[in-house]
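Only one structure is covered here, and it is reproduced in the block below.
The values are calculated or read from the model by the stated rules, or taken from the named source; none is laboratory data. In this text the structure is predicted, and so the values were computed from the model without any measurement. Note: ideal-geometry Cβ built from the backbone for every residue, glycine included; neighbour counts use all protein chains shown. Just so you know, the surface numbers come from the protein's heavy atoms only, side chains and all, with ligands and any DNA or RNA stripped out. Shrake-Rupley method; radii C 1.70, N 1.55, O 1.52, S 1.80 Å.
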Amino acid sequence: MPDIHQLDGGTAPVNLGGGYTLRAPGLKGSARVLGTRAPGSRGPEQATEDFDRAFADAGIEEVTAIELAVSSSPFPRAAAPLRGPDGAYAFELRVPDLGPDYGQVVLAIDEQGAMHWHFAVDDERKLQPSISRSAGGGRTFLIPREVATPPAAASTASPGARGLVSFVGRKLLKVLIYPVTDTLLGPLTDFAVGRWEAHRRPPGVRHFIPGNDAVLTPTDWQALAGGPALLFVHGTFSTARSAFGGIPEATLGTLAARYGGRLFAFEHPTLSQHPRDNARWFFSQMPAGVALEVDIVCHSRGGLLSRCLAGCAADYGIDPARFRVRRLVLAGVPNQGTLLANPEHMVSFLDRMTTALNVFPDNGVTDVMEGLLTIVKVAGHAGLTGLEGLASMCPGNEFLDELDRATLSDCTLFGLGGDFEPARAGLGAAFCSAADSLIDRVFDDAPNDLVVPAAGMRNWNGALHIADERFLDFPASRGVMHTSYFSQPETSVSLLKWLQ
């Protein structure tokens, strides 16, 4: 039987055994230590095989899990409250330090199923990478004390809805470890992200029609020049199949017929390489003498890259007449940047993406999770001082200014965007209301799709660039988030209307 320990709301540490202690002032209830999962077994969160496979592929192992059944209580009068790195009220989990060969992180799943990553902190509540060992032989994690309202009963969930995990109603703390020297990537530093992308996300230009994603040959490039072509450009952590996998096969089939089969996708590193580097590589692949006339559908950071391709070809030694963009469909693009790309908000970015994947897990979730977990490992061990691919999305950076100066006079712009608020029932509410609340604090309550502020999806350089009649704006009541634009029926209708 798992060990159960009572929490009385006081400040005294509760010994959970095995070197684990919990200090939870202001929380009353119980803590149940579940221990290590047996190989092949399922924990209380009932994680899917995709979820477990992503962690196994990343070399991340669960060493224990702690289930909390708690409610808020008055904070002890004579003690100062615990606060996390963001200043919010917190409780403290202390775990054994397993030595210099392992990094440790905690993945917390709150009462509504929202996922939050936690990294060790020092005595001043500053993030403490594994390379900075603590003197006391343990690692300290501060986890928000907020008790989220449990979701509505499962009977209110949307038919067929599911997530990567189905744990709701209580808090779950998963203590995870990973080797700090990866067999493939070597030591976990910022450079490891680039090594991972070189191995797992190498650049490539591929077909993008049902049943064919082969890399383009010189003959294929020539065929693309035979008429208007349609290019797909994905966003951060993603691949073309995961980013646009929500587009129904019937919609893709209709588009393929319209474009004479000339549908292709640009796969590119998004974390360690700048969009300028992506664009330079893309143009280097175009065979001499090939001139393309294209429409582009892009998502998130891929929109910045697409604007670079459309307006800056001359900067890379390409005659703009050889690559003419007629129509550009921008979905959830951070044209004014996103605060989540700032290093101080990196943990919030990881939380939002993990939670979003949990709600919409069907489209290449293992691929996307693999990239996300690489960032988690590097951040937990060595910290992240900045990655060029993400830095390109920081508000006010010179790359965004450069794009604003580029000319897109012959290109018609379309867009998809909206404001995300959790749906009132089903998985949208069960898994995201807490995540949405936290991200709204980052954006100071400005409308956003969990990742990108709505204000920058069609406005930049002080002007509105996509008119209402060319913009599909999902209202907050729809519960459409950053990763789910292409699975909406209205999106297919709009794509078929715009891309003719």
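Checked against the criterion of being in contact (Cβ under 8 Å) with a residue 24 or more places away in the chain and surrounded by 19 or more Cβ atoms within 10 Å (Cβ to Cβ), the candidates PHE208, PHE283 yield just one match: PHE208.
Residues that are basic (Lys, Arg) and modelled with pLDDT of 90 or more do not occur anywhere in segment 186-199.
I need the full set of residues from segment 443-489 which are touching a helix residue (DSSP H, G or I) at 6+ places or on another chain (Cβ under 6 Å), closer than 21 Å to ASP401 by Cβ and open to solvent by 40 Å² or more (accessible area, probe 1.4 Å), in order please. Within segment 443-489, ASN461 is the sole residue that qualifies. Of the residues making up segment 303-362, just one is among the acidic types (Asp, Glu) and open to solvent by less than 30 Å² (accessible area, probe 1.4 Å), namely ASP351. Taking segment 333-352 on its own, how many of its residues are in a helix (DSSP H, G or I) and either in contact (Cβ under 8 Å) with a residue 60 or more places away in the chain or of a type in the set (D, E, K, R) (or both)? The total comes to 10. With the checklist (1) out of contact with any Leu (no Cβ under 9 Å at 6 or more places or on another chain); (2) basic (Lys, Arg); (3) at pLDDT 75 or above in hand, flag the one item ARG125 doesn't pass. Tallying (1) out of contact with any Leu (no Cβ under 9 Å at 6 or more places or on another chain); (2) basic (Lys, Arg); (3) at pLDDT 75 or above, ARG125 fails exactly one: (1). When residues in segment 243-273 are screened for being open to solvent by 10 Å² or more (accessible area, probe 1.4 Å), closer than 30 Å to GLY337 by Cα and polar (S, T, N, Q), 2 of them pass.
LEU230: surrounded by 22 or more Cβ atoms within 10 Å (Cβ to Cβ) and either closer than 30 Å to LEU93 by Cα or at pLDDT below 95 (or both), yes or no? Spelling it out, it is not the case that LEU230 is surrounded by 22 or more Cβ atoms within 10 Å (Cβ to Cβ) and either closer than 30 Å to LEU93 by Cα or at pLDDT below 95 (or both). Taken residue by residue, segment 303-319 has no member that is assigned to a helix (DSSP H, G or I), at pLDDT below 95, of a type in the set (A, V, I, L, M) and under 30 Å from GLN128 (Cα atoms).
Screening THR385 on (1) of a type in the set (S, T, N, Q); (2) assigned to a loop (DSSP other than H, G, I, E, B); (3) modelled with pLDDT of 80 or more shows it passes everything except condition (3). Mind checking which residues of segment 86-109 are outside any strand (DSSP E or B) and open to solvent by less than 20 Å² (accessible area, probe 1.4 Å)? Scanning segment 86-109 gives a single hit, GLY99.
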